[in-house]
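The values are calculated or read from the model by the stated rules, or taken from the named source; none is laboratory data. Given the structure is predicted, the values throughout are model-derived calculations rather than measurements. Heads up, the Cβs are rebuilt from the backbone with ideal geometry, glycines too, and the neighbour counts pull from every protein chain shown. Accessible surface areas use protein heavy atoms only, side chains included; no ligands, DNA or RNA. Shrake-Rupley method; radii C 1.70, N 1.55, O 1.52, S 1.80 Å.
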Amino acid sequence: MALRNSSRDRDRDQNRDQTRINDRIRISPIRVISADGEQLGVLPTDEALSIAREGGLDLVEVAPGAKPPVCRIMDYGKFKYQQSKKQHKNQSHHTKTKEIRLRPKTGDHDIEFKVKQAITFLQHKDKVQVSIQFKGREMAHVEEGHRVMAQVIELLVAEAGKLESPPKQMGRRIMATVSPKAG
């Protein structure tokens, strides 16, 4: 089994990045911008590298297509970290619809437990679909299902949501949707 060469791995990672830094900049002369944004002018690459190293920073090629190429003196690790943070921040939350299922004879403690679960969904900016399923002869007592639905909706709206679609009976089910409060 062959051991991995760490410099080869680093080269491969850097090739994936496509940004040339420090000794990877082979073109000379280059236009140099200091760490505080001040133009230092067109300098030989070796001189720009020594200026960057004196400050404990990296020389990073920011505009390779320009004539001469533009390089900036900066902390490259910090720059990459901030870029990844920005990219992560731009990823938005996609609203999902979560469902809690109940029955007309569900006990009060079980209803409270399901409501707590639904509140956590709403706090994570997900919608909650409340459904009450009737089985067998429970259809003779639809009003009991409506009472349970009203109790659940009242608790959810008081805590963390707003009623998006009111309860509707569809065959053997009563369904309602609660969405998270804005803000």
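Among the residues of the range 147-173, the one identified as open to solvent by less than 60 Å² (accessible area, probe 1.4 Å) and over 20 Å from I119 (Cβ atoms) is G171. Being in a strand (DSSP E or B), free of Cβ contacts under 8 Å to residues at least 24 places away in the same chain and within 17 Å of L102 (Cα to Cα) holds for only one residue in K162, K168, and it is K168. Residues in the range 101-157 that are in a loop (DSSP other than H, G, I, E, B) and basic (K, R): R103, K105, K125, K135.
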